[in-house]
1. Please enumerate the residues belonging to segment 81-98 that are open to solvent by 10 Å² or more (accessible area, probe 1.4 Å) and not aliphatic (A, V, I, L, M).
2. Quick check: anything in segment 301-321 assigned to a loop (DSSP other than H, G, I, E, B) and within 17 Å of the chain's Cα centre (by Cα)?
3. Given the options 172, 179, 188, 163, name the one that is at pLDDT below 95 and within 22 Å of residue 75 (Cβ to Cβ).
4. Please work out if residue 152 is farther than 19 Å from residue 248 by Cβ, open to solvent by 10 Å² or more (accessible area, probe 1.4 Å), more than 16 Å from ligand 2 (Cβ to nearest atom) and in contact with a Pro (Cβ under 9 Å, 6 or more places away or on another chain).
5. Scan segment 246-261 for residues that are within 13 Å of ligand 2 (Cβ to nearest atom) and of a type outside the set (Ser, Thr, Tyr) and jot them down.
6. I'd like the full set of residues that are closer than 22 Å to residue 127 by Cα, of a type in the set (Val, Ile, Thr) and more than 16 Å from ligand 1 (Cβ to nearest atom), limited to segment 41-93.
7. Can you tell me which residue among 72, 86, 60 is more than 14 Å from ligand 2 (Cβ to nearest atom), in contact (Cβ under 8 Å) with a residue 40 or more places away in the chain, within 24 Å of residue 260 (Cβ to Cβ) and more than 18 Å from the chain's Cα centre (by Cα)?
8. Which residue pairs have Cβ atoms closer than 8 Å, lie 6 or more positions apart in sequence or on different chains, and pair a first residue in segment 8-32 that is more than 16 Å from ligand 2 (Cβ to nearest atom) and open to solvent by 20 Å² or more (accessible area, probe 1.4 Å) with a second residue that is not in a loop (DSSP other than H, G, I, E, B) and not hydrophobic (A, V, I, L, M, F, W, C)?
Amino acid sequence: MELITLADYERAAAETMHPQAAAYCFGGAGDEVTLRDNLDGWRRLAIRPRMLVGVGERDPGITLLGKPRRHPLLIAPVAFQRLAHPDGEIATARAAAATATTFCVPTLGTTSAVEVAEAVPDAPRWFQLYVFRDRGVSRELVARAVDHDYEALVVTVDLPIYGVRVRELRAGSGSLRPGRVPSALAAGAHGAVTRDQITALIDPDLRWSDIERFADESPIPVVVKGVLTAHDARQALDSGAEAVIVSNHGARQLDTVLSGADALSAIVAEIGDQADVLVDGGIRRGTDVVKALALGARAVLVGRPIVWGLAVDGADGAQRVLEILLAELDNALALAGAPRAQDLDASFVTPAPWR
Ligand code: FNR
Ligand code: LAC
């Protein structure tokens, strides 16, 4: 069957992935209440379209961190991408380069950020930082990313410790690693492949003052990933961040927290006129992107769908997933009567609680 939607890729990926890898990639925390909210949050918004505005020429372009971009999609940082395909992060970087999509390369990759940059130099890229207890290692990782033309530093702040991921626990063994993950794992992921090893690396005592220090020292913009309240978004800016990503980590951390869709408006109201606000979690359709931009997000990140694309067909699969989403976005912009993505505003959406 031809794969036409991201949901088609999800089903196809579920059939091909190792059950433990699928449990890790697909699952959320706790009872997965927030995992469902991440999808429903976008669905519970209705689009208020405008007619006869002339949509023959359309432009999904936006400006992010002061730079014009062809479209508002980014690839979210997703750890251990070789769980999905032997080419892992390199395949994702190829898909990023082919579609002008910025790839947030993860600290806990199965390929190091340096190798990704060397293998696919034309992939637009940001580096996602987990701050380790050993600050020396973290500084070294940042320095290497800066040396290899990473354009921003995405500091993830919502994983001081690992969430309770029930699917993963049921899948067994405490290890994220089915046999497919090659030994190169250590190159990118610092040898960490289990929950306990990840927990041992990451500093649970990270504070806003640490963000301030990274922002002071970093020659590239700092983006704080994982805030859900206006208070924390303000803290992020006060600590020197240039943008925030409204995110609940794909519902993998604290179950029953707000979805990105539900948290976004308050954060845009607080800092939207001073900094770029991005959002992720449950973006599966072009209409979801339109709604996020209408609520004031500058751009959106996509996590699991990239994994599905990788699992189904490596770089080509990840590229196709992005192309589907971009085609849907183009269609939604036309039919919503917002031919330029930049023109979307809150008047294009209304709550749809009846859904
Ligand atoms: C993630 N996410 C994540 N975030 C991060 O900052 N660093 C990381 O290493 C990871 N690792 C990771 C692995 C897997 C398998 C998933 C599914 C997610 C969270 C990710 O960046 C993003 O916030 C969510 O995935 C977005 O939600 P969707 O698009 O997956 O619904
Ligand atoms: C995860 C981590 C590693 O969500 O970010 O699995």
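The values are calculated or read from the model by the stated rules, or taken from the named source; none is laboratory data. The model shown is predicted, which means the values in this text are computed figures rather than measured ones. Methodologically, a virtual Cβ is constructed for each residue, glycine included, from the backbone with ideal geometry; neighbour enumeration extends over all protein chains shown. When the accessible area is computed, the model is the full protein with side chains, heavy atoms only, and any ligands, DNA or RNA have been set aside. Shrake-Rupley method; radii C 1.70, N 1.55, O 1.52, S 1.80 Å.
1. Start the filter on segment 81-98 by keeping residues that are open to solvent by 10 Å² or more (accessible area, probe 1.4 Å), which leaves 82, 85-87, 90, 94, 97-98.
82, 85, 86, 87, 94, listed by residue number.
2. At the first step, the residues of segment 301-321 found to be assigned to a loop (DSSP other than H, G, I, E, B) are 303.
Cutting the leftovers down to within 17 Å of the chain's Cα centre (by Cα) gives us 303.
Yes - at least one qualifying residue is present in segment 301-321.
3. On the way: 172 fails: within 22 Å of residue 75 (Cβ to Cβ); 179 fails: within 22 Å of residue 75 (Cβ to Cβ); 163 fails: at pLDDT below 95.
Of the residues listed, the single one that is at pLDDT below 95 and within 22 Å of residue 75 (Cβ to Cβ) is 188.
4. Numbers: farther than 19 Å from residue 248 by Cβ: yes; open to solvent by 10 Å² or more (accessible area, probe 1.4 Å): no; more than 16 Å from ligand 2 (Cβ to nearest atom): yes; in contact with a Pro (Cβ under 9 Å, 6 or more places away or on another chain): yes.
No: the conditions fail for residue 152.
5. So the first thing to find is which residues in segment 246-261 are within 13 Å of ligand 2 (Cβ to nearest atom), and the list is 247-254.
Correct list: 248, 249, 250, 251, 252, 253, 254.
6. Selection gives 62, 63, 90.
7. On the way: 72 fails: more than 18 Å from the chain's Cα centre (by Cα); 86 fails: within 24 Å of residue 260 (Cβ to Cβ).
Matching residue, one of 72, 86, 60: 60.
8. Hits for this filter: 10/304; 10/305.
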